[in-house]
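The next block holds one structure in the form of structure tokens; read it before the comments.
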Amino acid sequence: MTEYRIDDLARAAGTTVRHLRGFQERGLLPPPRMRGRVGYYDDSHLARIGLIGRLKERGFTLASIAEMLSAWERGHNLGDLLGLERVIHDPWSDETPVRMTLPEVVLRFYPDTPAEALAGRRPEDFPMLRRAEELEFIRWTGEEYEIPSPRLFEVGAELVAAGIRLGAVFEIAGELRGDVDAIARRFVRLTVDHLGLDDAGPRGSARTASRQDYREIAELIRRLRPLGVQSVQGLLARSLHAEIQAEFARRIESMGTGAPGHDGAPPEAPPVRG
């Protein structure tokens, strides 16, 4: 088996000594075998660095990688752990993000802006777009905007096109986000409480989670996500129907009875006296 000093290991792995020391500090890389004051690494360390790199490319954080490797060392199957982690971090919808230029985004939110007025402009020239980024409608990449959810973006743009002030659109979007966050927390908490998925393990047991536990939790998450979305969509559709009926019935009634004549006709002219 090949032996490496830390600088040799860094070269073989295509990384830096600083990164390797960072891996060790986070518990990602086992300590070297010491001979006197010199540490020696081997091919298992090189393989571990390669695994860390592949997991990072798949979007895992170093903290998540450390947890998975720790569980792996305790005898768990890495494939099951990766399967659970993948389910947890799966995209929340099937939408594909799209890219838009700054002028394209501006014209969707500020449709009356002359196109020639956008030449040479930067995102900071449009302060309201920062609020759109905070709400995750858009994300500036340095060259263009990424639109994580084209459907949400179009909802905002269509509301502006309908005549609603952009600031008001963002205000209600922020309020709605808080509301749906609370709904999501309650829905997930309901599942955790009633199925015993607490810190003691599935079903409330004090035992260490097994391979089967990881698979059961992954399957539960797969079922939970669409059920949560469907329940909110159904309740929202019903509430919207009731609110629209009530609000616009009042508007129509006021339009019909707000004039002096209850039937909406203009009042009769007073008689002319001779």
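The values are calculated or read from the model by the stated rules, or taken from the named source; none is laboratory data. Since we're looking at a predicted model, the values are computed, not measured. The protein model used for the area step is the full one, side chains on, heavy atoms only, and it has no ligands, DNA or RNA in it. Shrake-Rupley method; radii C 1.70, N 1.55, O 1.52, S 1.80 Å.
How would segment 111-194 be classified by its alpha-carbon gyration tensor: rounded, prolate or oblate, with rounded meaning a/c under 1.5 and the a/b versus b/c comparison settling the rest? Prolate shape, in that a/c is at least 1.5 and a/b is the bigger ratio. Just the protein heavy atoms count here, and of the accessible area of segment 10-68 at 1.4 Å, carbon and sulfur take up 51 percent. Overall, the accessible surface of segment 107-181 at a probe of 1.4 angstrom is composed of carbon and sulfur to the extent of 52 percent. What segment 1-51 shows is 64 Å² of accessible area per residue, with the surface traced by a 1.4 Å probe over protein heavy atoms.
Counting heavy atoms of the protein chains alone, residue 145 has an accessible area of about 0 Å² for a 1.4 Å probe.
If DNA, RNA and ligands are ignored and the probe is 1.4 Å, what is the ranking of 238, 215, 26, 18 by accessible area, most exposed first? Before the final figure, lay out the partial values.
On the way: 238 165, 215 110, 26 135, 18 205 Å².
Greatest to least solvent exposure: 18, 238, 26, 215.
Could you sort 128, 68, 100 by accessible area so the largest value comes first, with the probe set to 1.4 Å? The partial results should precede the final answer.
Values: 128 65, 68 10, 100 30 Å².
If we order 128, 68, 100 from most to least accessible, we get 128, 100, 68.
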